[in-house]
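Trainee: Supplied in structure tokens, the structure appears directly below.
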Amino acid sequence: GQDRALAGVLRIAAPLEYAAQHASTAVAAFAALHPALEIDLRTSDRIVDMLQEGVDVALRLGWLRDSTLRAVRLGEFEQHIVASPAYLARSPRIARPEDLAHHDWIALALMATPLTWKFTAARGRSRTVRMNARLRTDSAAALRGLLEAGAGVSVLDEFSAAQSLQAGRLVRVLPQWQMRRGGVHAVFPPGRFVPAKARAFVEFYREWLASR
């Protein structure tokens, strides 16, 4: 019944790296379920103007600062501090969070405070460290490239880091310290009406994430 009604175009926005390594798999599965639906998956690491670009639903990672957004929390992710084996081999040892202040930090300019990070360990001990960055970039993909090239140390979300860690191109630093977890959100454009196709995709994606 309802599934046959899913036709027309569904425009989904997602961060480039997250779409490539993660969300694209779910979008492909959703497309297979709804053959009458056209799907336009738009990727950008910048926050798009949903109304201006006609986006029905945006997937966002991190912390939503704008309280006017209508957002659904779908899951969460860990952040990892990572660097290349070559960088770590030639740099001072990193034994505790404070040591990072003396390393070449690469700042992700999308963050509200890209240089100040809070670390929490077992038994609730926490440290806040301010980094020094000569390099900064505005995309997770470029950040990963800089890290793999040995340019420094930084934080990557677990989705962006997964393949590099598996392949040994990046190594986790201070794995016993936790960073603040981020949320995976679906965001709808302002206004009252959310089309059925956008709601259906968000429900599908929530279940897809939970099954992982």
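The values are calculated or read from the model by the stated rules, or taken from the named source; none is laboratory data. Owing to the predicted nature of the structure, the values given are computational and were not obtained by experimental measurement. FYI the Cβ positions are ideal-geometry reconstructions off the backbone, even for glycines, and counts take in every protein chain you see. We work out accessible area using only protein heavy atoms, side chains counted, and drop any ligands, DNA or RNA first. Shrake-Rupley method; radii C 1.70, N 1.55, O 1.52, S 1.80 Å.
Trainee: Here is a list: Ser154, Ser160, Ser211. Which entry is modelled with pLDDT under 90 and open to solvent by less than 40 Å² (accessible area, probe 1.4 Å)?
Mentor: Going through Ser154, Ser160, Ser211 in turn, the sole match is Ser160.
Trainee: So, one more: Quick one: which residue in Ser126, Ser84, Ser160, Ser164 is touching a residue at least 24 places away in the same chain (Cβ under 8 Å), of a type in the set (S, T, N, Q) and over 27 Å from Ser211 (Cα atoms)?
Mentor: Ser84
Trainee: How many residues are part of a helix (DSSP H, G or I) and open to solvent by 60 Å² or more (accessible area, probe 1.4 Å) if we restrict to region 99-131?
Mentor: Going through region 99-131 one residue at a time, the tally reaches 3.
Trainee: Pull up region 62-89, narrow it to residues that are open to solvent by 50 Å² or more (accessible area, probe 1.4 Å) and in a strand (DSSP E or B), then point me to the one that is modelled with the lowest pLDDT.
Mentor: Per the stated criteria, the residue is Arg70.
Trainee: Kindly evaluate Pro92 against the criterion of being out of contact with any Pro (no Cβ under 7 Å at 6 or more places or on another chain), assigned to a loop (DSSP other than H, G, I, E, B), farther than 30 Å from Val202 by Cβ and open to solvent by 60 Å² or more (accessible area, probe 1.4 Å).
Mentor: Against the criterion (out of contact with any Pro (no Cβ under 7 Å at 6 or more places or on another chain), assigned to a loop (DSSP other than H, G, I, E, B), farther than 30 Å from Val202 by Cβ and open to solvent by 60 Å² or more (accessible area, probe 1.4 Å)), Pro92 qualifies.
Trainee: Residues that are free of Cβ contacts under 8 Å to residues at least 40 places away in the same chain, part of a helix (DSSP H, G or I) and out of contact with any Phe, Trp or Tyr (no Cβ under 8 Å at 6 or more places or on another chain): does region 147-157 have at least one?
Mentor: Looking for residues that are free of Cβ contacts under 8 Å to residues at least 40 places away in the same chain, part of a helix (DSSP H, G or I) and out of contact with any Phe, Trp or Tyr (no Cβ under 8 Å at 6 or more places or on another chain), one finds none in region 147-157, hence no.
Trainee: Okay, moving on. What tally of residues in region 31-52 results from selecting those that are open to solvent by less than 70 Å² (accessible area, probe 1.4 Å) and either farther than 28 Å from Leu110 by Cβ or touching a Leu at 6+ places or on another chain (Cβ under 8 Å) (or both)?
Mentor: Going through region 31-52 one residue at a time, the tally reaches 9.
Trainee: To continue, here is another question. Given the residues Ala133, Ala58, which is the only one that is in contact with a strand residue (DSSP E or B) (Cβ under 6 Å, 6 or more places away or on another chain) and within 18 Å of Pro15 (Cα to Cα)?
Mentor: Ala58
Trainee: What residue, of Arg199, Arg192, is open to solvent by 10 Å² or more (accessible area, probe 1.4 Å), over 24 Å from Phe119 (Cβ atoms) and not in a helix (DSSP H, G or I)?
Mentor: Selected residue: Arg192, the only one of Arg199, Arg192 that is open to solvent by 10 Å² or more (accessible area, probe 1.4 Å), over 24 Å from Phe119 (Cβ atoms) and not in a helix (DSSP H, G or I).
Trainee: Can you tell me which residue is nearest to the chain's Cα centre (by Cα) among those in region 163-180 that are assigned to a helix (DSSP H, G or I) and exposed (fewer than 15 other Cβ atoms within 10 Å of the Cβ)?
Mentor: Only one residue tops the list, namely Gln163.
Trainee: Would you check if there is a residue in region 45-53 being modelled with pLDDT of 90 or more and hydrophobic (A, V, I, L, M, F, W, C)?
Mentor: no
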